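Visitor: Below is the structure I would like to discuss, written out as structure tokens.
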Amino acid sequence: MMLARVADSLYWVGRYVERAEHFSRLASVMLNATLDRTDAGTQAAELARAAIGDREPAADANPFEAARALVLNRERAGGSVVDSLSRARENARQVRDQITTETWERLNLLYLRATDSRAEHEFDANAPDFLAGIIADLHLFKGAADATMSHGEGWRFMVTGVHLERARLIARLLRVCFSGHQGAVLDDHLALVSVLRMACALEPYLRAYTADLNSRYILEFLLFDEDFPRSIRYSTDRMEEHLNRLSRGREIGRGDPARLAGRLNARLAYTDVEDVESTGASAILTAVEAECTAIHQAMFDTFVAYPLEMRLPA
Amino acid sequence: MVDIQTVQDGSESMRRPEDYPAGLAYDEMFAAEGGTRPHYQLLHNRIRSLGAMELAERQQTLERSFLLQGITFTVYGADSATERIIPTDLFPRIISAPEWAKIEKGLIQRLKALNLFLADIYGAQKIIGDGVVPRDLILGAPSYRRQMQHLYVPHNAYVNVCGSDLIRGEDGEFFVLEDNLRVPSGVSYMLANREAARRTFPGTFRQAGVKPVERYPDLLLATLKSMAGDWRPNPQVVVLTPGVYNSAYYEHAYLARLMGVPLVEGRDLSIHDNLVFMRTTAGLRRVDVIYRRVDDDFIDPLSFRRDSSLGVAGLFNAYRSGNVVICNAPGTGVADDKAVYAFVPSIIKYYLGEEAILPNVKTFLCRIPAELNHTLANLDKLVVKAVGASGGYGMLVGPHASAAERAEFADALKADPENYIAQPTIQLSTAPCLVDGKIEPRHVDLRPFILSGDKVVVTPGALTRVALKRGSLVVNSSQGGGSKDTWVLSDDAPPDSDDELEAGQ
């Protein structure tokens, strides 16, 4: 039993923390790719920018500025790292009594560092370091939550938020890279490495598929792998697990979020990369994004904004 | 690291340093003739054994830990809001066991009397009938809530949490300056300061024999539960906060977390059939006791201020029906009114038949012609306060005011004497503080916390507020005040000569 408002805030902490991490990684890859003065480098940077919704990567906008805005610009349409961290922390502050001190202090520290007046200077001086620091701190936050919070209802809401956001973001990344959005088929080595890096998947991929990089394997790995924590399948698996526990013992009518998550998970479980190739990746990736939106809405309707008449004690 | 000397050895050389000015005020650490007071000797020794560098370093660590924990208040600027920590001082303020024993007895006596007084004025009104307190002063006060009349309050505990402000005058005597009976705050600073002090001076802390304050949250929970004890076996307690933008939000979350109860906002609660429910992920759940950190005016738009969105519509009716307990009870503000304050010694005598253990500051009620004349004649020596105002507004500090300001205030006084009281200007006692790397005296007050439910308990500790500006007597955090930890010593703790911990820090 927990307050509906609190559950909602914890869910959003999870989502914003995941978003901050993903954006940091995209910015890092973007900066790294531009070190290569090749077409492939430019292509990789443009993929990253497309994945964050910079619709027209105009030739004049320099990738460093784009990465800088993605990290530090609070007003950036579509969000930024600083914006996500501020929102995560603001949500956490509203439920300060529900999270452990260890967990809170990690997030508060991150927030203080990212919003410090010296942050811009630090970024300009050594952006890769700055971003690596943020990503490492976000891992500490998740580790602290895992190690110190009771794995009960509140924690499940937070983790569900993490995985829902992750599934959404990876689906969008894959859609931008592999559904012909960019016009050309992606086959350049550096571009493929960059895609894997953006999903933090390079090393696990190499272990699974060896250094044989091609878009078919990458799609398979990031869509269907059961063990890799950033594959969509893994995230939908976790979502189904946590939502099942959250709605256990409750009378939930139609629109049960656990049912939606289970359906999505089953679809991923019974589809393989051949099916995807025959229909095009776009269909399944779009479906993942749409289903995530539906699960989000169903959670809100079920746990937070339910009509009171239905829940009055008899 | 310098070895600490035992108390006896150290006393010879333990004197006020040359650069620590002796003022008019009573100093907590140094006696008037310059020697260190006995209960401060351990600490003084320790401070002297640490260099300026080390002290500054510890101060930094302390501030950083507050920032990290999020013990902050928000300052709203032109286009942004920044969070600041409340300045906190390294050195604890120490109160000896006999001094504390008197304070404790005095506070318990006072709160018992005030609870009886509240029960009376919202009930039979005998004290008014007997002419001890003027009728119009009580019934005419805006803080008197007629809605509260003839309402059953368990144990007559109207004030469950009280944070009185005490000051120490030039002669070393403690006075009560104000009874905060509405929604007193600051207890989280007491607890956070303590946690910090334990880390800053671990050896001294252990040797000195400091009474613990850490039980406050569970004593508070027990007090709150006792308010529902006779009608709900396992009451659901919640803390009601105005929300994250309130300057004391940190404290609300802190107490909820340490008590293990939900922290709710008005929008989380709803009323059905005069029962209070909170909206949880699994549906509605009954609430029995509300520790509200929202002012009377805002708890229920149907009964109090109609434009409030912080409270819950219908809450007061649920309270009247006996289905929920609100702590502190609405309407307690009438007893900490500045004019009623003057009557507290008579109130204690009336209900308990005892003299007040802790004296009041001498107060002139301008509603009485003779006292008005005295006030007008001595405007340059007195502090004049408007009865209804707080937070330093509507106040004249005679000695610091210009002749024109005094003349203007005199007119206001004559026009509406009932609205004013006057008190002599008191030099608050001073305590050593670390200011820009130097140890200097600053004026301090003392806010202990008293809980009252089925019994009255005083936590042996307090929030010591510090006026950080040199010479300033204003300790409010909104006006540049800070705080420090307060150590209450236990009588039976012999000074311990085991120095290992101290030397090893």
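The values are calculated or read from the model by the stated rules, or taken from the named source; none is laboratory data. Keep in mind that this is a model prediction, so the values were computed, not measured. Here the Cβ is made from the backbone with ideal geometry for all residues, glycine too, and neighbour counts use every protein chain on show.
So that you can scan it fast, the table gives a plain yes or no per residue for (1) charged (D, E, K, R); (2) surrounded by 18 or more Cβ atoms within 10 Å (Cβ to Cβ):
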site: A:Pro204; (1), (2): no, yes
site: A:Leu213; (1), (2): no, yes
site: A:Arg216; (1), (2): yes, no
site: A:Glu220; (1), (2): yes, yes
site: A:Thr271; (1), (2): no, no
site: A:Ala287; (1), (2): no, no
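Visitor: In the stretch A:187-201, what residues are modelled with pLDDT of 90 or more and more than 12 Å from A:Val29 (Cα to Cα)?
Guide: A:Ala201, the sole residue that qualifies.
Visitor: Next question, about the same structure. Which ones in the stretch A:81-104 are within 10 Å of chain B (Cβ to nearest Cβ), in contact with a Leu (Cβ under 7 Å, 6 or more places away or on another chain) and either more than 23 Å from A:Leu3 (Cβ to Cβ) or outside any helix (DSSP H, G or I) (or both)?
Guide: Within the stretch A:81-104, A:Val95 is the sole residue that qualifies.
Visitor: Only one of these conditions is not met by B:Lys338: (1) farther than 30 Å from B:Gln69 by Cα; (2) touching a strand residue (DSSP E or B) at 6+ places or on another chain (Cβ under 7 Å); (3) more than 13 Å from chain A (Cβ to nearest Cβ); (4) crowded, with 21+ Cβ neighbours inside 10 Å. Which number is it?
Guide: (4)
Visitor: Turning to a different aspect of this structure: State yes or no: is B:Val312 in a helix (DSSP H, G or I), out of contact with any Pro (no Cβ under 8 Å at 6 or more places or on another chain) and aliphatic (A, V, I, L, M)?
Guide: no
Visitor: Looking at B:Gly283, B:Gly311 in this structure, which one is within 14 Å of chain A (Cβ to nearest Cβ) and not basic (Lys, Arg)?
Guide: Going through B:Gly283, B:Gly311 in turn, just one is within 14 Å of chain A (Cβ to nearest Cβ) and not basic (Lys, Arg): B:Gly283.
Visitor: Can you work out which of the residues in the stretch A:1-49 that are touching a Pro at 6+ places or on another chain (Cβ under 7 Å) and among the hydrophobic types (A, V, I, L, M, F, W, C) is modelled with the highest pLDDT?
Guide: Taking the candidates together, the pick is A:Leu3.
Visitor: Sticking with this structure for a sec: Sort out which residues of the stretch A:84-121 are crowded, with 16+ Cβ neighbours inside 10 Å, under 30 Å from A:Phe64 (Cβ atoms) and charged (D, E, K, R), and write them in order of number.
Guide: Across the stretch A:84-121, the qualifying residues are A:Arg87, A:Arg89, A:Arg106, A:Arg113.
Visitor: Which one of B:Tyr216, B:Tyr152, B:Tyr158 is within 27 Å of B:Tyr319 (Cβ to Cβ) and surrounded by fewer than 19 Cβ atoms within 10 Å (Cβ to Cβ)?
Guide: Going through B:Tyr216, B:Tyr152, B:Tyr158 in turn, the sole match is B:Tyr152.
Visitor: Can you go through B:Leu263, B:Leu221, B:Leu240, B:Leu191 and tell me which one is within 14 Å of another protein chain (Cβ to nearest Cβ), in contact with a Ser or Thr (Cβ under 7 Å, 6 or more places away or on another chain) and of a type outside the set (Ser, Thr, Tyr)?
Guide: B:Leu263
Visitor: Taking the condition of being within 14 Å of chain B (Cβ to nearest Cβ) and under 26 Å from A:Phe221 (Cα atoms), how many residues in the stretch A:141-160 meet it?
Guide: Qualifying residue count for the region: 3.
Visitor: Is one or more of the residues making up the stretch B:448-463 at pLDDT 95 or above and of a type in the set (D, E, K, R)?
Guide: no
Visitor: Here are the criteria: (1) over 18 Å from B:Cys327 (Cα atoms); (2) without any contact (Cβ under 8 Å) to a residue 40 or more places away in the chain; (3) within 14 Å of chain A (Cβ to nearest Cβ). Tell me which single one B:Arg198 does not satisfy.
Guide: Single failed check for B:Arg198: (3).
Visitor: A further question follows. Checking B:Leu269 against (1) buried (at least 20 other Cβ atoms within 10 Å of the Cβ); (2) within 8 Å of chain A (Cβ to nearest Cβ); (3) within 20 Å of A:Ala7 (Cβ to Cβ): exactly one of these is not met. Which one?
Guide: (2)
Visitor: Only one of these is crowded, with 18+ Cβ neighbours inside 10 Å and either out of contact with any helix residue (DSSP H, G or I) (no Cβ under 7 Å at 6 or more places or on another chain) or outside any helix (DSSP H, G or I) (or both): B:Arg182, B:Arg199. Name it.
Guide: On inspection, the qualifying residue turns out to be B:Arg182.
Visitor: For the stretch B:250-260, what are the residues that are within 7 Å of chain A (Cβ to nearest Cβ) and surrounded by fewer than 21 Cβ atoms within 10 Å (Cβ to Cβ)?
Guide: B:Arg257
Visitor: Which of (1) on the phi > 0 side of the Ramachandran plot; (2) touching a Phe, Trp or Tyr at 6+ places or on another chain (Cβ under 8 Å) does B:Ser429 not meet, given it meets every other one?
Guide: Single failed check for B:Ser429: (1).
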